[in-house]
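**Student:** Below: one structure in structure tokens.
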Amino acid sequence: MALPKSHSQSVLPNPRLLVLETIEQFEDRFLLTVRVQQVPLCPECGRASESRHSHYVRRLQDLPWQGLSVQIHLRVRRFRCRNPDCQRRVFTERVEGVPPYLRQTSRLAEIVRLVGYVAGGLPGARLLARLAILTSDDTVLRRVKVPSSATLSSNPPDVLGVDDWAWRKGHTYGTILVDLEQHCVVDLLPCRSAESFEAWLKEQPRIGVISRDRSGLYAEGARLGSPAAMQVADRFHLLLNLSAAVERALEERSRQLQLPFPAPPPHVSLAQDSPQAKTTRQDSLKQQRRQRRLDRYGQVIGLYHQGCSQRRISESLEIERKTVRRWIRAGQFPERKPPRQRPPQVHRFAEYLQRRWEEGCHNATRLFQEIRLQGYRGGRGMVARHVAGWRNPAQVFPTARPQKITPKHAAILGTKPAAQLTAEQQLLLDQLSAKCPDLLGLRKLVGDFREVLRCGEGQSLLVWMKNAKHSGIGPVARFAVGLEKDFSAVLAAVETPWSNGQVEGQINRLKTLKRQMFGRAGFPLLRARVLPYAPFDFTPVSQPP
Ligand SMILES: [Zn+2]
């Protein structure tokens with residue numbers, strides 16, 4: 001069906017040069033036949049030519065109309081260049097708004113680029129298809145990957161944050177560069193090295209501040225590439241390094257990291273009321289009773305060494321003489337033996353339960369009913385607890401040994417701010433520091449360091465470093481020596497507001513993009529999608545992208 005063309009002329013990509021001849025409507029598209037009306041100029045020498053050589057028809061996709069795709073059949077002409085000095089003999093006329101090598105108009109290619117930037121290749125192609133822009137995922141990605149030259153030169157950064165990001169964790173790393181004032185990614189480098197960072201910095205003379213991690217790599221790159229810039233060690237990385245030092249210190253003291261009493265067995269949680277809290281309460285009561293007993297023991301031994309008779313001791317402290325004698329003879333504080341518990345009744349039926357379990361009966365209620373018929377008088381809960389270990393091997397009852405705490409766990413207790421400790425963690429910390437006295441010292445050092453970073457005074461940093469070096473805790477002292485070597489950057493971390501916090505945020509965004517593309521995206525694509533969106537004018541492209 002033919003439509004009147006007059007009012008449609010104005011919506012062509014370049015109505016000054018393009019002349020609409022016909023419009024045809026099909027079920028799924030409009031087809032526009034268009035010709036060019038201009039004086040053609042040779043792209044080589046720029047001289048006008050009137051010598052027609054030939055013509056051909058270009059098929060271009062344009063913005064959709066009313067949910068239908070639009071195809072333009074553009075009749076372009078070839079001309080001979082009559083300039084004797086020109087290399088070119090024959091040229092094709094160029095039309096503004098129509099890129100010479102794409103099968104899309106510039107304005108459509110720009111939209112494809114934007115959708116691809118936001119959504120990625122395949123999702124972008126699907127979305128575009130729904131909007132009547134039919135294109136392949138490869139094309140979408142090709143549009144996104146065309147590098148834009150505009151961003152960096154138009155708005156060079158003054159304050160730069162640099163960090164690494166993992167292509168493959170533990171194997172290959174890249175570098176991300178963030179403008180800390182504009183809050184945007186400035187550039188992405190495919191590798192992590194002092195040389196590449198140095199080379200990049202040399203192109204950016206305006207940078208005055210560089211915030212970086214504590215690896216010597218970026219420090220070295222910054223020193224060589226931008227010697228005048230102030231380097232700032234990232235506060236988060238400083239705390240991270242200190243935490244690692246604390247963990248190493250606790251590893252050296254791992255034999256002290258034991259709790260005096262076995263922890264509540266995990267399977268108690270099968271009971272109905274909150275058993276965890278109850279057991280912790282019981283434990284702390286137990287601990288208090290033990291402490292009272294220990295104090296009394298100390299008094300008895302003290303009086304004994306002063307030359308008091310057992311009778312005098314017994315009378316003055318109101319302790320039975322038998323006990324006094326036993327304690328004096330023991331030579332050391334006699335710990336109470338753990339109460340001997342009768343094995344639960346359910347153990348009589350252990351063999352039967354195991355056989356039934358292996359036969360496939362995993363229903364505790366059913367098992368309970370079965371052994372009740374055989375004379376079991378206990379409750380269902382005992383049966384459930386008995387089989388819980390089979391259901392989940394991690395829940396097996398631990399044997400009654402002092403519970404060991406890993407250095408990592410202890411380091412968390414040692415570094416967490418007091419306000420963030422739960423009551424349970426506080427209790428654990430108290431118990432642990434009784435066995436490992438250095439834990440409290442470490443905790444104080446970490447708290448003080450956090451305070452140094454918070455208060456922003458360089459003097460307090462010096463005081464802290466001195467204390468740390470004389471703390472007698474090797475790894476922390478070495479950490480302080482490390483701060484000395486990197487002193488100006490660490491001082492800047494204390495005294496300036498700059499940190500790599502937003503760089504970490506940008507790395508998270510990068511990871512999301514990487515995974516959204518199933519980790520298969522190459523560097524140019526990843527870079528294009530991590531950098532802020534930059535429009536691209538496809539018309540002046542002189543080579544196929
Ligand atoms: Zn020419």
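**Student:** Out of segment 110-134, which residues are in contact with a helix residue (DSSP H, G or I) (Cβ under 6 Å, 6 or more places away or on another chain) and among the β-branched types (Val, Ile, Thr)?
**Tutor:** Across segment 110-134, the qualifying residues are Val112, Val115.
**Student:** For Leu131, only one of the following conditions fails: (1) in contact with a Ser or Thr (Cβ under 6 Å, 6 or more places away or on another chain); (2) not assigned by TED's automatic domain parsing to the domain that holds Gln516. What is its number?
**Tutor:** It fails just one condition, (1).
**Student:** Given (1) within 16 Å of the ligand (Cβ to nearest atom); (2) modelled with pLDDT under 90, identify the lone condition not met by Pro99.
**Tutor:** Among (1) within 16 Å of the ligand (Cβ to nearest atom); (2) modelled with pLDDT under 90, the lone unmet condition for Pro99 is (1).
**Student:** Could you list, in sequence order, all residues of segment 168-185 that are in contact with a strand residue (DSSP E or B) (Cβ under 6 Å, 6 or more places away or on another chain) and without any contact (Cβ under 8 Å) to a residue 60 or more places away in the chain?
**Tutor:** Across segment 168-185, the qualifying residues are Tyr173, Thr175, Leu177, Asp179, Glu181.
**Student:** So how many residues does segment 204-238 have that are hydroxyl-bearing (Ser, Thr, Tyr) and open to solvent by 10 Å² or more (accessible area, probe 1.4 Å)?
**Tutor:** 2
**Student:** If you check Gly505, Gly482, which single one turns out to be within 26 Å of Gly216 (Cβ to Cβ) and in the same structural domain as Leu160 (by TED's automatic domain parsing)?
**Tutor:** Sole residue among the options that is within 26 Å of Gly216 (Cβ to Cβ) and in the same structural domain as Leu160 (by TED's automatic domain parsing): Gly505.
**Student:** Name the one entry in Glu247, Glu251 that is open to solvent by 50 Å² or more (accessible area, probe 1.4 Å) and of a type in the set (D, E, K, R).
**Tutor:** Only one candidate qualifies: Glu251.
**Student:** Look at segment 20-59 and say how many of its residues are within 16 Å of the ligand (Cβ to nearest atom) and open to solvent by 70 Å² or more (accessible area, probe 1.4 Å).
**Tutor:** Residues meeting the conditions: 7.
**Student:** List, please: which pairs have Cβ atoms under 8 Å, are six or more places apart or on different chains, and start with a residue in segment 76-89 that is in contact (Cβ under 8 Å) with a residue 12 or more places away in the chain and end with one that is within 8 Å of the ligand (Cβ to nearest atom) and in a strand (DSSP E or B)?
**Tutor:** Arg78/Phe91; Phe79/Phe91; Cys81/Phe91
**Student:** How many residues, within segment 434-450, are open to solvent by 80 Å² or more (accessible area, probe 1.4 Å) and not aliphatic (A, V, I, L, M)?
**Tutor:** Residues meeting the conditions: 3.
**Student:** Let me ask something else about it. Give the residues of segment 77-92 that are among the charged types (D, E, K, R) and either more than 12 Å from the ligand (Cβ to nearest atom) or touching an Asp or Glu at 6+ places or on another chain (Cβ under 6 Å) (or both), sorted by residue number.
**Tutor:** Across segment 77-92, the qualifying residues are Arg77, Arg78, Arg88.
**Student:** Of the residues that make up segment 66-89, is at least one among the β-branched types (Val, Ile, Thr) and surrounded by fewer than 16 Cβ atoms within 10 Å (Cβ to Cβ)?
**Tutor:** no
**Student:** Among all residue pairs at least 6 apart or on different chains, which show Cβ distances below 9 Å where the first residue, located in segment 41-56, is under 17 Å from Leu17 (Cβ atoms) and small (Gly, Ala, Ser) and the second is open to solvent by 60 Å² or more (accessible area, probe 1.4 Å) and more than 13 Å from the ligand (Cβ to nearest atom)?
**Tutor:** Close Cβ pairs satisfying both conditions: Ala48/Val39; Ser49/Val39.
**Student:** Give the residue, chosen from Leu453, Leu483, Leu461, Leu440, that is in contact with a helix residue (DSSP H, G or I) (Cβ under 6 Å, 6 or more places away or on another chain) and under 18 Å from Pro407 (Cβ atoms).
**Tutor:** Leu440
The values are calculated or read from the model by the stated rules, or taken from the named source; none is laboratory data. These numbers were taken from a predicted model, which means no experiment stands behind them. All Cβ positions, even for glycine, are placed from backbone atoms using ideal geometry, and neighbour counts span all protein chains on display. Calculation scope for accessible area: heavy atoms of the full protein, side chains included, ligands and nucleic acids excluded. Shrake-Rupley method; radii C 1.70, N 1.55, O 1.52, S 1.80 Å.
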